[in-house]
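The values are calculated or read from the model by the stated rules, or taken from the named source; none is laboratory data. Here the structure is a predicted model, which means the values were calculated and not measured. Cβ sites come from the backbone with ideal geometry, for glycine too, and all protein chains shown count toward neighbours.
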């Protein structure tokens with residue numbers, strides 16, 4: 001069975017998008033998702049994205065990390081899907097309903113909803129203050145924890161580039177204090193409206209960009225009074241504009257691009 005796909009990226013955070021809005025696909029599980037995401041023997045991507053019919057929104061967006069685990073939300077993937085559809089769209093995700101709107105400048109604005117801060121919302125293994133977790137890992141200390149559809153720990157440091165995130169990221173991601181694992185963000189605030197950010201993404205590793213990470217980090221900085229309510233977050237792959245409005249909703253704006261299209265034989269990866 002030949003399956004068409006679209007390879008896309010948002011600031012270098014790349015996706016294989018499968019469009020099942022009109023043509024039903026075989027059941028997609030972790031093993032197939034991981035095989036397709038493999039950069040040596042598959043198509044290669046940070047996340048595999050599946051667009052399906054939805055009973056609650058315009059469409060459903062399912063997201064699988066490179067290790068095959070299905071996750072709740074992905075801001076860059078939402079921008080990619082919004083760009084692919086080419087119109088304002090509501091998307092059902094495991095993390096809740098989000099909305100993507102194409103902009104006049106070719107960018108995509110995504111309403112990421114209302115962030116959550118309760119320790120049960122992250123979740124943590126036990127009750128702690130999510131504005132300053134009383135924990136540390138080899139110099140990374142007192143993170144802010146935020147759930148923006150998926151869970152993030154945000155560490156504010158003097159120099160994000162100096163942190164050995166490839167080493168510390170997997171340690172923190174899999175710490176028992178985070179029973180559903182965690183996305184790890186290291187950031188330094190460079191101005192009241194600017195943040196530099198690197199992200200270790202749960203189930204994917206170091207990534208050039210992470211939309212939910214940018215949202216979580218911006219909100220964490222705002223909660224600590226480090227920035228104003230609208231900031232530019234610069235990641236290795238480029239910049240995203242994040243606004244947290246008076247209704248507590250987060251809007252993320254940035255580009256998305258199609259890299260190439262193709263098709264594959266489902267049986268080769270099932």
If we only count strands (runs of 3 or more DSSP E) wholly inside the range 189-238, which ones have 2 or more residues that are more than 17 Å from residue 150 (Cα to Cα) and modelled with pLDDT of 95 or more?
194-201, 230-235
Per the filter on the range 6-31, residues touching a residue at least 40 places away in the same chain (Cβ under 8 Å) and either more than 17 Å from residue 65 (Cβ to Cβ) or part of a loop (DSSP other than H, G, I, E, B) (or both) are 6, 11, 12, 19, 25, 26
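One line per residue, one yes/no per condition, for (1) touching a helix residue (DSSP H, G or I) at 6+ places or on another chain (Cβ under 9 Å); (2) assigned to a strand (DSSP E or B); (3) surrounded by fewer than 18 Cβ atoms within 10 Å (Cβ to Cβ); (4) not assigned by TED's automatic domain parsing to the domain that holds residue 182:
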{"residue": "57", "(1), (2), (3), (4)": "no, no, yes, yes"}
{"residue": "67", "(1), (2), (3), (4)": "yes, no, yes, yes"}
{"residue": "83", "(1), (2), (3), (4)": "no, no, no, yes"}
{"residue": "92", "(1), (2), (3), (4)": "no, yes, no, yes"}
If I ask for residues that are touching a helix residue (DSSP H, G or I) at 6+ places or on another chain (Cβ under 7 Å), under 21 Å from residue 211 (Cβ atoms) and in a loop (DSSP other than H, G, I, E, B), which ones from the range 94-142 would you list?
115
Can you find a residue in the range 39-46 that is in contact with a helix residue (DSSP H, G or I) (Cβ under 6 Å, 6 or more places away or on another chain), assigned to a strand (DSSP E or B) and surrounded by 21 or more Cβ atoms within 10 Å (Cβ to Cβ)?
no
Is there a residue in the range 126-147 that is over 19 Å from the mean Cα position of the chain (by Cα), within 23 Å of residue 190 (Cβ to Cβ), surrounded by fewer than 14 Cβ atoms within 10 Å (Cβ to Cβ) and at pLDDT below 95?
yes
Among the numbered criteria (1) buried (at least 19 other Cβ atoms within 10 Å of the Cβ); (2) under 21 Å from the mean Cα position of the chain (by Cα), which single criterion is violated by residue 227?
(2)
